[in-house]
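Notes for the one structure printed next.
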């Protein structure tokens with residue numbers, strides 16, 4: 001199994017748990033920022049929230065056909081030193097917080 005698939009499988013599993021266990025919060029942007037910080041992804045909270053929401057919109061509209069295309073979009077918009085694993089972690093966190101209906105995108109890519 002490639003490194004990308006292992007990371008994606010872990011992200012999919014973690015995202016599924018977060019989707020099922022996450023209680024409704026007053027500010028999902030704060031929850032999203034906290035998840036990103038746990039992955040070592042930093043940056044302006046508003047920008048990261050915007051990027052997460054745009055990522056979900058691209059998945060919903062079919063602009064990104066799979067998790068790999070979506071992670072590539074994320075990677076191009078994160079800090080230059082962000083790893084591929086962090087792009088997938090960002091994607092998983094975005095789906096878990098902003099568009100849990102898209103969890104199948106991660107699950108399909110992890111198989």
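What follows is calculated from the coordinates using simple rules that are stated; it is not laboratory data. No experiment lies behind these values; they were computed from the predicted model shown. Every residue, glycine as well, gets a Cβ built from its backbone with ideal geometry; the counts of neighbours run over all protein chains shown.
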Inset, instruction - Mind giving me the nanometre distance, one decimal, between the label points for residue 63 and residue 34, set 7 Å out from Cα along Cα→Cβ? - result: 2.9
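Can you figure out the FRET efficiency of residue 84 with residue 26, using R₀ = 30 Å and their beta-carbon distance, to the nearest 0.05?
Once the sixth-power term is evaluated, E becomes 0.35.
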Inset, instruction - Starting from the Cα-Cα distance between residue 72 and residue 54, subtract it from 0.36 nm times their residue separation and give me the gain in nm to one decimal. - result: 5.2 nm
